[in-house]
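Report on one structure; see the data block that follows.
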Amino acid sequence: MAHTLGGTMSESLEQQIDLVLDSQRQRDRRCQIEQDLIETTISDAHAALERQQTRFSTEVRSLLGQAVERANRHMAKRAEGCQLC
């Protein structure tokens with residue numbers, strides 16, 4: 001009976017070891033999935049920010065160009081003949 005008891009205890013210990021190792025692997029996989037999700041979220045946010053910055057720059061340049069053209073049309077009517085560059 002001692003052999004059977006020892007065998008049962010050994011199997012139980014092995015099962016516990018397997019359970020701990022499997023749990024660790026599952027935690028590692030979850031952590032990697034979370035890390036990948038975080039990296040994707042950050043990358044997507046950076047891409048969105050870059051698009052917004054590009055759009056803002058384009059709109060500001062357009063507005064500045066319009067303001068320069070308007071100012072130059074006005075100054076062209078004056079005797080000084082100034083021009084905004």
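Around ASP44, what is the net charge, scoring Lys/Arg as +1 and Asp/Glu as -1 over all other residues with Cβ under 13 Å from its Cβ?
Here the charged neighbours net out to -2.
Considering only the other residues whose Cβ falls under 13 Å of the Cβ of GLN53, what net charge follows from Lys and Arg at +1 and Asp and Glu at -1?
Neighbour charge sum, excluding GLN53 itself: +1.
How many nm is it between the label spots at ARG29 and SER57, if each spot is 7 Å from the Cα in line with the beta carbon?
Here the answer is 4.4 nm between the modelled labels.
Read-outs throughout are calculated quantities, based only on the coordinates presented, and are distinct from any laboratory measurement. It should be emphasised that the depicted structure is a prediction, and the values quoted were computed from it without experimental measurement. So basically every Cβ, Gly included, is an ideal-geometry build from the backbone, and we count neighbours across all protein chains shown.
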